[in-house]
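Q: Here it is: the structure, laid out below.
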């Protein structure tokens, strides 16, 4: 048996497993319900059936079955041989009813061989505090086999918040009566908490029509197609009348060279530009090449977008490693007027535009960060991201590679922050695998919820 530390991983010797969450029950100890999320390579459920929990205890494939055990015990049975081909991982989680996991003593996840009962791996959880949902571990494909990773990520928003982050539709209706049914109902049969579709205002609609006419007349056929799809996605996410600045941070470390030379980054940048044409009344994207250091490369618009990323890659002198913190610092300086670290929100000067300086209140900044590697300076990135939680900026990371290579980003996007959660993350092996509709839905998945919270804090109109 292997007793793992947080973040460690081991190969699994069998495909038939039993994952058992145990704790010490007693007076005042919250009830605990195990759950599992069956995820594709982008770390998203393929449908609401991919959440296994108390109201939906069996996955349609039969690969995951949940059920109660003895007092102080919840079980998940895994048959990895039945996992559908499009599934990359199974997240093992739980929710607490009647209090946070910090009041649940002796939390421990044990994985055993379902056939022999032999212990395979164990993971003790001793750092839970205010979390009402918890990801304990993850079973994932690797090199033709399966591995287990000890995760230990908490959610203060309960099962509903955890499920929503992985793409499950969550109903606002109360769950049906039954034993151990805390939180919100999660079901493909119910209405979701997604924002109601919103159409552009007459003024913005006229601007979009004029812009589309210009694209057609000036020979931007591909960009016109992207823009129409981006507009539909924005309306679907309740952002049809929304205005935001758009920035694009491009990893230009040595390992990204092939993506630039093949034109894949250029195609991705054009799809982000199309999103900016719908969101940003300036009709442009701020571009920030980064690697060991970061540069501000001005804006990309209709006049100069063709071949822009290839030229930038050839010209940029940003080094060969990867440092997210440098890119984040540059963006904060350009749009928010300061690179200084902060632990409080800026003072608001009503009516000022974003980028006008310290304390400005104006359109928020939507930043797409494209990278294929882990940051070389995680503490620097953390300092910058923590400071930006108090500012009107949202970071959407798109990682190119296998999901398990980006544990730093996955943990940051899953763990609630001290003020506002302003980071989204998804991974894809190759940007060409995503259709335009899929890309825009992934880019916008978490932004509307952050925007509502930022408005509530007075950070943006």
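Q: Within the range 109-133, count every residue that is touching a helix residue (DSSP H, G or I) at 6+ places or on another chain (Cβ under 6 Å), more than 22 Å from residue 54 (Cβ to Cβ) and not in a loop (DSSP other than H, G, I, E, B).
A: Count: 0.
Q: Hey, any hits in the range 57-74 for a residue that's surrounded by fewer than 16 Cβ atoms within 10 Å (Cβ to Cβ) and within 30 Å of residue 443 (Cβ to Cβ)?
A: yes
Q: Would you mind stating whether residue 36 is within 23 Å of the chain's Cα centre (by Cα) and either free of Cβ contacts under 8 Å to residues at least 24 places away in the same chain or in the same structural domain as residue 400 (by TED's automatic domain parsing) (or both)?
A: In short, no.
Q: Next question, about the same structure. Kindly indicate which of 42, 18, 24 is assigned by TED's automatic domain parsing to the domain that holds residue 87, surrounded by fewer than 16 Cβ atoms within 10 Å (Cβ to Cβ) and in contact (Cβ under 8 Å) with a residue 40 or more places away in the chain.
A: So the residue among 42, 18, 24 that is assigned by TED's automatic domain parsing to the domain that holds residue 87, surrounded by fewer than 16 Cβ atoms within 10 Å (Cβ to Cβ) and in contact (Cβ under 8 Å) with a residue 40 or more places away in the chain is 24.
Q: When the residues of the range 200-221 are filtered to those that are in contact with a helix residue (DSSP H, G or I) (Cβ under 7 Å, 6 or more places away or on another chain) and part of a helix (DSSP H, G or I), which remaining residue is surrounded by the most Cβ atoms within 10 Å (Cβ to Cβ)?
A: That would be 215.
Q: Then there's this: Being surrounded by 19 or more Cβ atoms within 10 Å (Cβ to Cβ) and over 10 Å from residue 247 (Cα atoms) is true for just one of 270, 261, 284. Which residue is that?
A: 270
Q: Name the strands (runs of 3 or more DSSP E) wholly within the range 1-52 that hold at least 2 residues that are farther than 18 Å from residue 93 by Cβ?
A: Passing ranges, in order: 2-4, 9-11.
Q: With respect to residue 424, determine if the residue is at positive phi, assigned by TED's automatic domain parsing to the domain that holds residue 371, without any contact (Cβ under 8 Å) to a residue 40 or more places away in the chain and surrounded by 16 or more Cβ atoms within 10 Å (Cβ to Cβ).
A: Here the answer is no, as residue 424 does not meet what is asked.
This table checks each residue for (1) assigned by TED's automatic domain parsing to the domain that holds residue 375; (2) closer than 18 Å to residue 265 by Cβ; (3) buried (at least 16 other Cβ atoms within 10 Å of the Cβ); (4) at pLDDT below 90.
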site	(1), (2), (3), (4)
307	yes, yes, no, no
316	yes, yes, yes, yes
323	yes, no, yes, no
329	yes, no, yes, no
334	yes, no, yes, no
344	yes, no, no, yes
347	yes, no, no, yes
350	yes, no, no, yes
354	yes, no, yes, yes
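Q: Any residue at all in the range 383-394 that's closer than 24 Å to residue 291 by Cα, at pLDDT 95 or above and in a strand (DSSP E or B)?
A: Within the range 383-394 (the criterion being closer than 24 Å to residue 291 by Cα, at pLDDT 95 or above and in a strand (DSSP E or B)), the answer is yes, since at least one residue qualifies.
Q: Within the range 145-177, take every residue that is over 19 Å from the mean Cα position of the chain (by Cα) and modelled with pLDDT under 90 and give me the one that is nearest to residue 85 (Cα to Cα).
A: 171
Q: Within the range 76-102, which residues are crowded, with 16+ Cβ neighbours inside 10 Å and part of a helix (DSSP H, G or I)?
A: 80, 101, 102
The values are calculated or read from the model by the stated rules, or taken from the named source; none is laboratory data. The model shown is predicted, which means the values in this text are computed figures rather than measured ones. No Cβ is skipped: glycine too gets one built from the backbone with ideal geometry, and neighbour counts run over all protein chains shown.
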